[in-house]
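I am attaching a structure below and will ask some questions about it afterwards.
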Amino acid sequence: MTLLVAGAAVPSVEAASGPSCYSRLVNEWFCLDYVQDRQSQILDALLQHVAITLAAVVLGVAVALPLALLARRFPRLEAGVLGVSTGLYTVPSLALFPLLVPFTGLSPVTVVIGLALYALTVLVRAMLEGLRAVPEDVLESGRGLGYGPTRLLLKVELPLALPVVMAGLRVATVSTVALTTVGSLVAYGGLGNLISEGVSTDFRAQLLTAAVLCVALAVVLDVAIVVLQRLLTPWTRGVRA
């Protein structure tokens, strides 16, 4: 005997063991049976969520760095660069994703590009502020050692700007984890797909499980960035001590 729950057939429990925590008669928030029965579906959604989030953050960094360098090199363009990157964040996702669909189709690319554009708001400003925080005397010392512009950027400026940049990256990554759920508008929202289905069918176990996993994913990625920062900036440990 089976029961139809949230659009899927699930086996009913034996009478002796009592009702399941998700069925036509029972709709509990905490339900380990749901996690066990749908673990494949949950894992697929989680992996999609991680892939879209990481791709969006990487694309955001790749676009934000040239924009920050451009704004620093040409001060007259700074207001325009910051204005555009900030203005993009004000575009509702309900409008942005459908606007991208004619160009990218109903695919993960649509969500990745949209999220990367949103991430620019934090990343461009963080990178610009990080580069500005590099002391001028340090730059002069580098030039005195014969460093050209490219070598000075890679060997001196970017390493010293990393603490500020990584702080911005943490904010951008955590916000992207949350915004990825909106990708359910085009069927590529990772855990957002489960949340959307859970809301539409009033399936509490699915809704809560997906929401908890979103929070857990944000925490894990945030901790990973902190660890990465400590590995890339060993000199800051002594300063804190």
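The values are calculated or read from the model by the stated rules, or taken from the named source; none is laboratory data. Remember, predicted model here, so these are calculated numbers, not experimental data. Here the Cβ is made from the backbone with ideal geometry for all residues, glycine too, and neighbour counts use every protein chain on show. SASA here: full protein model, heavy atoms, side chains in, ligands and nucleic acids out. Shrake-Rupley method; radii C 1.70, N 1.55, O 1.52, S 1.80 Å.
List, please: which pairs have Cβ atoms under 8 Å, are six or more places apart or on different chains, and start with a residue in segment 90-115 that is over 20 Å from V63 (Cα atoms) and end with one that is open to solvent by 40 Å² or more (accessible area, probe 1.4 Å) and of a type in the set (F, W, Y)?
L106/Y188; S107/Y188
Right, here's the next one. Looking only at segment 37-62, count every residue that is closer than 21 Å to D202 by Cβ and open to solvent by 50 Å² or more (accessible area, probe 1.4 Å) and tell me the total.
Here the count works out to 2.
Looking only at segment 88-102, how many residues end up being assigned to a helix (DSSP H, G or I) and surrounded by 11 or more Cβ atoms within 10 Å (Cβ to Cβ)?
Of the residues in that region, 9 qualify.
Y147 fails exactly one of the following numbered conditions: (1) of a type in the set (F, W, Y); (2) open to solvent by 30 Å² or more (accessible area, probe 1.4 Å); (3) within 14 Å of A62 (Cα to Cα). What is the number of that condition?
(3)
A follow-up question, please. If you scan segment 102-141, which residues turn out to be closer than 14 Å to S184 by Cα, among the β-branched types (V, I, T) and touching a Ser or Thr at 6+ places or on another chain (Cβ under 6 Å)?
T110
Which residues, counting only those in segment 185-217, are open to solvent by 20 Å² or more (accessible area, probe 1.4 Å), farther than 24 Å from S107 by Cβ and not hydrophobic (A, V, I, L, M, F, W, C)?
Residues satisfying the conditions are T201, D202, R204, T209.
Follow-up question, since we're still on this one. Condition first: more than 30 Å from T209 (Cβ to Cβ), touching a residue at least 24 places away in the same chain (Cβ under 8 Å) and among the small types (G, A, S). Now tell me which residues in segment 49-71 satisfy that. Before the answer, list the steps.
Residues of segment 49-71 that are more than 30 Å from T209 (Cβ to Cβ), as a first pass: 61-71.
Right, trim to touching a residue at least 24 places away in the same chain (Cβ under 8 Å) and you get 61, 63-65, 67-69, 71.
If the condition is that a residue be more than 30 Å from T209 (Cβ to Cβ), touching a residue at least 24 places away in the same chain (Cβ under 8 Å) and among the small types (G, A, S), then A64, A68, A71 are the ones that fit.
Looking only at segment 68-77, which residues are at pLDDT 85 or above and in a helix (DSSP H, G or I)?
Correct list: A68, L69, L70, A71, R72, R73, R76, L77.
Does at least one position in segment 66-84 carry a residue that is within 16 Å of G130 (Cβ to Cβ), touching a helix residue (DSSP H, G or I) at 6+ places or on another chain (Cβ under 7 Å) and open to solvent by 60 Å² or more (accessible area, probe 1.4 Å)?
Start the filter on segment 66-84 by keeping residues that are within 16 Å of G130 (Cβ to Cβ), which leaves 66-73, 78, 81-82.
Now drop any that are not touching a helix residue (DSSP H, G or I) at 6+ places or on another chain (Cβ under 7 Å), which leaves 67-68, 70-72, 78, 81-82.
If we keep only those that are open to solvent by 60 Å² or more (accessible area, probe 1.4 Å) too, we end up with 70, 72.
Scanning segment 66-84, I find at least one residue that is within 16 Å of G130 (Cβ to Cβ), touching a helix residue (DSSP H, G or I) at 6+ places or on another chain (Cβ under 7 Å) and open to solvent by 60 Å² or more (accessible area, probe 1.4 Å), so the answer is yes.
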